[in-house]
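A short worksheet on the structure shown next.
The values are calculated or read from the model by the stated rules, or taken from the named source; none is laboratory data. The model shown is predicted, which means the values in this text are computed figures rather than measured ones. Cβ coordinates were reconstructed from backbone atoms using ideal geometry, including for glycine residues, and neighbour counts include every protein chain displayed.
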Amino acid sequence: MSSIKEKLQRKLDLLDGGRNLVQLIDGFIDEYPDPYLLAKQHAADILLKRIGKAVDPRYVWWHQFTTASSSPRSFTGWQHSGPPQKSVPFTELVAQRFDLPFQDATDELNVYGGFYKEGAQAHYFDETNEIPMLPSDVQKDFWALDFAEIYRAKVTRFWAERDVAFRVLAKINLLGECAKAVLARRITEAEAAALRGIVVPELEARELPSLTQLQANHSTVSLTTYAYELGHVEYACFFTFGSSGGRVTLYRPWAKEAIQGFDSELAMAAWLRQQLRDQQTMAEFLAAALVDPGEQPEVSNVRAVLQGIANSRSDQAALALLHFRRVSISDDFFVHIARRARNDMERSAAALLNNAGLRKAMLSGYLSAFLNVFAGFTPLGWPMSLALLGAALGRLGLGVDAAVHATSEEARKSALRQAMLDCLFAALNLTEIGFQSTFASLAYEAPFHETRASLARWQVAREPDPILAGRETNQLIEGELATDGRLRGVRVDEKGDCWIEMNGLTYRVRYSHELSTWLIVPLDNPFALGPLFPVRVNDGGDWHLLVPPEREAPPAVIGMISETSQFWDEYTATHVIQSQKFSAQARARQKKLLETQSIPILGINELPAEDEHGIYCVRFGNTFEYTYREADGQYANELIKYYTDEASSVNDILRQGIHKYTDSVDYINNLATTLERLPKNNEVNLYRGGHGGRGTSGEHFRSGRLNVGDILVNTDLTSWTENPFMVRHFAASRHLDANGWTSVFDDTSVVFELPAHRYNSGIPISAFSLYWDEAETLFLPGHYFKIDKLSHVHGERYRFIQVTLSQVVRPVARPVYDLRTGAPFDRAAFVERVKSPDLANRFFPDQ
């Protein structure tokens, strides 16, 4: 077997165990009791209950005023002007509650306060920017839930279910850092062997421990182990492992170079003494040693201890101070740190007041102390339990402000996962394999439909070529063909990419550890989201495509293939948590695109300027920039946010010629300009659903009026989603029956798909949207798409026409059809609707 195939076989073997550990990491992160996310979820639930829409709570503020005037147009019956007396983001209000005077005077609550889409900088607070909720109703919702008790119960449940997982992850972190330290020659091979021994006795350097081995507890009597507690709270900042020969290994889980070996304790003390004289290093130690950075007496105490070590008269004096602060660990090291992490989290949870305590605090005037504990969620949102897993803020590249605000929730989860995977990658010795795809294979988070699939009843496809059309490669693939093991029948190229030949065509494949089989995948991205195309090789070496078992099909559509889809079986079902997770990942991906742009950042307490229409922006001389980043890391663009608000009805102008405001043309021009300045991206599949009731019908495809090869053009601001769970909300009508609201597909239901890399004008806007869960990408009017494939897709609860598109340049001398309606495109009618030849010419230049 060639060296490339040997490496690939070893990679697959390691990933068999590694993927199980990745699932452990993902489960730990998903269940981690983050109080800010819990408060945000409660805020979102209240918004959905009260207004019937999934509005992002980060765009909702509670404003409190000293005056009010009646208004027949507003939901509450009152309106306000001028700066509010008090403003609180809705998520934080879930924990803080309304001020004491309003607890009994609920009628005044509706008069002197309200919920709005704009912050305190707005000039007016009325029907134009209100969220239609009565504060008195929201107050009832607050008292109906006991946030502190819910959070404490979540912490208790987390440790009951994830205590073993915490210890496993702590062991992975130590193994990974140990491997890195050996490569960097910060410790000897003997020290590395001793450290591996406290994880799993006699574990070899290249040996992969099983999950069962990692879950077991082991004594650390072979090494003298100490924890160094620098503050009043029992919380260790770092640890040491001493051997009988006198050498000492320093372990700082939170540091970039977590493990460092020394000839003696004195040598370690000298190193620490020198390191702590550097201001940045001092700050890193201080951050790692504090349970609550907001508790000033503790901050002062820890700083004094660290400063004392740095300013010691001699190395011996520094060592004496360290001896005074060390605590011996006689039991299993990982049991010890898990117990300390649990105590830390429970102590933080105890700082939250339950409803009874909150009422008492309000009556006693002690509420301000409670709010200081909760403000920013700093002591709760990133406790030492994560630092002990190698996920300290500094190591993740996150500032404290970024880490504790909701706007960075996806970023910090992603960074936490990346840090843990980095250590797992090193612990598995996958660096030696060297393929670029190796880390991607480990980090890959298998989509919902892949983890839930069962191939037991799948059958060999009778005609695979139409199903796989466009997925083959015309390139000649060089590489030796494997003849045994799970690589049998697979050709491996020099980069480690895998290929098979089936029916005379060559396809790229990847191995799914979740399904224990090979999958045909896109040529340019083996991890792209999409339907599963599993294949298997028979005894004769021939590959066959597997498809789901045939179902009773609805009436066939003439001239169109009819197919079932395991992909849409899953994504047309209701899976709220999975959909939210998908949308959160999409928003995180879209925010990363913005990080590469030169976007203005507001300073702390700095308010945006306004243009002549009162739209928030950043002013540069006589020019305006509508995209900016607030001090807390939140991205803002008022033009885009207004577009996503259903009340704006911006597309009514482009579709029907309805102009609610006299400045609508100016608004669309400004919106188009600001969108064109944002990054475009085509790395993911996009979907768009429609049905007759929404003005987007599939009947012209079903009837054969539009066919493969025809060209469509979008004439409005066309919204697509990268979350396939969202499609059914747009491709089906909603009906209320005995079981509640259900999605009903009919002959007009249609789903458009834009495969990754087959479009180039999509602009992701999730970071600015009121409805972030839609994972939206927007196309300005005037883009052309060719119909590549038409299929009639059906399942037990759905049926629709799927239209696969690719973006093309404007065709010359051939008809084009409106993507939304299927009607022939009429430029003159478009000009009439928008009432501006210049605006029409912007999107459809006159030829």
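Answer yes or no: is there a residue in the stretch 323-337 that is over 41 Å from the mean Cα position of the chain (by Cα) and under 19 Å from residue 250 (Cβ atoms). Yes, that holds for at least one residue. Scan the stretch 747-757 and tell me whether some residue there is buried (at least 20 other Cβ atoms within 10 Å of the Cβ), assigned to a helix (DSSP H, G or I) and not basic (Lys, Arg). No, the conditions are met nowhere in the stretch 747-757. Restricting attention to the stretch 182-198, the residues being hydrophobic (A, V, I, L, M, F, W, C), in a helix (DSSP H, G or I) and over 35 Å from the mean Cα position of the chain (by Cα) number 4.
Looking at this structure, is residue 107 of a type in the set (D, E, K, R), more than 22 Å from residue 630 (Cβ to Cβ), over 26 Å from the mean Cα position of the chain (by Cα) and at pLDDT below 80? Yes; evaluated as a whole, the condition is true for this residue. Within the option set 34, 45, being of a type outside the set (S, T, N, Q), out of contact with any Ser or Thr (no Cβ under 9 Å at 6 or more places or on another chain) and either in contact (Cβ under 8 Å) with a residue 60 or more places away in the chain or under 30 Å from residue 176 (Cβ atoms) (or both) holds for one residue only, 34. The number of residues in the stretch 129-175 that are of a type in the set (Ser, Thr, Tyr) and modelled with pLDDT under 90 comes to 1. Annotation: of all residues in the stretch 695-731 being of a type in the set (Val, Ile, Thr) and either in a loop (DSSP other than H, G, I, E, B) or without any contact (Cβ under 8 Å) to a residue 12 or more places away in the chain (or both), the one that is nearest to residue 569 (Cα to Cα) is 727. Each residue in the stretch 59-81 was checked for being in contact with a helix residue (DSSP H, G or I) (Cβ under 9 Å, 6 or more places away or on another chain), within 22 Å of residue 46 (Cα to Cα) and part of a loop (DSSP other than H, G, I, E, B), and 3 of them qualify. For the stretch 216-238, the condition holds for at least one residue, the condition being that it is within 35 Å of the chain's Cα centre (by Cα) and more than 23 Å from residue 324 (Cα to Cα). Among the residues making up the stretch 136-163, a single one is of a type in the set (Ser, Thr, Tyr), surrounded by 16 or more Cβ atoms within 10 Å (Cβ to Cβ) and within 29 Å of residue 28 (Cα to Cα): 151. A single entry from 65, 98, 75 fulfils the requirement of being assigned by TED's automatic domain parsing to the domain that holds residue 44, at pLDDT 90 or above, surrounded by 15 or more Cβ atoms within 10 Å (Cβ to Cβ) and closer than 23 Å to residue 144 by Cβ: 75. Could you tell me whether residue 658 is modelled with pLDDT of 90 or more, of a type in the set (Val, Ile, Thr) and more than 22 Å from residue 59 (Cα to Cα)? Yes, satisfied. State all residues of the stretch 498-531 that are of a type in the set (Asp, Glu) and either in a strand (DSSP E or B) or at pLDDT 90 or above (or both); if no residue qualifies, say none. Listed by number, the residues that qualify are 501, 514. Among the residues of the stretch 268-293, just one is surrounded by fewer than 16 Cβ atoms within 10 Å (Cβ to Cβ) and among the small types (Gly, Ala, Ser), namely 283. Taking the conditions (1) among the polar types (S, T, N, Q); (2) at pLDDT 95 or above; (3) surrounded by 17 or more Cβ atoms within 10 Å (Cβ to Cβ) in turn, residue 314 satisfies each one other than (3).
Restricted to the stretch 450-484, and to residues there that are acidic (Asp, Glu) and closer than 20 Å to residue 529 by Cα, the residue that is farthest from the chain's Cα centre (by Cα) is 472. Among the numbered conditions (1) crowded, with 18+ Cβ neighbours inside 10 Å; (2) under 33 Å from the mean Cα position of the chain (by Cα), the only one that residue 693 does not meet is (1).
Condition check ((1) surrounded by fewer than 17 Cβ atoms within 10 Å (Cβ to Cβ); (2) within 30 Å of residue 685 (Cβ to Cβ); (3) at pLDDT below 90) across all residues:
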| position | (1), (2), (3) |
| --- | --- |
| 599 | no, yes, no |
| 618 | no, no, no |
| 625 | no, no, no |
| 631 | yes, no, yes |
| 634 | no, yes, yes |
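Pairing residues of the stretch 654-680 that are over 15 Å from residue 644 (Cβ atoms) and without any contact (Cβ under 8 Å) to a residue 24 or more places away in the chain with residues that are among the aromatic types (Phe, Trp, Tyr) and surrounded by 15 or more Cβ atoms within 10 Å (Cβ to Cβ), at Cβ distances under 9 Å and at least 6 apart in sequence or on separate chains, gives 661/667; 673/626. Residues of the stretch 535-577 that are assigned to a strand (DSSP E or B), under 19 Å from residue 749 (Cβ atoms) and out of contact with any Leu (no Cβ under 9 Å at 6 or more places or on another chain): 562, 563.
Among all residues of the stretch 44-51, there is none that is assigned to a loop (DSSP other than H, G, I, E, B), in contact with a helix residue (DSSP H, G or I) (Cβ under 9 Å, 6 or more places away or on another chain), farther than 15 Å from residue 169 by Cβ and not hydrophobic (A, V, I, L, M, F, W, C). When we screen 305, 299, 335 for residues that are closer than 17 Å to residue 228 by Cβ, of a type in the set (Val, Ile, Thr) and touching a residue at least 12 places away in the same chain (Cβ under 8 Å), the only hit is 305.
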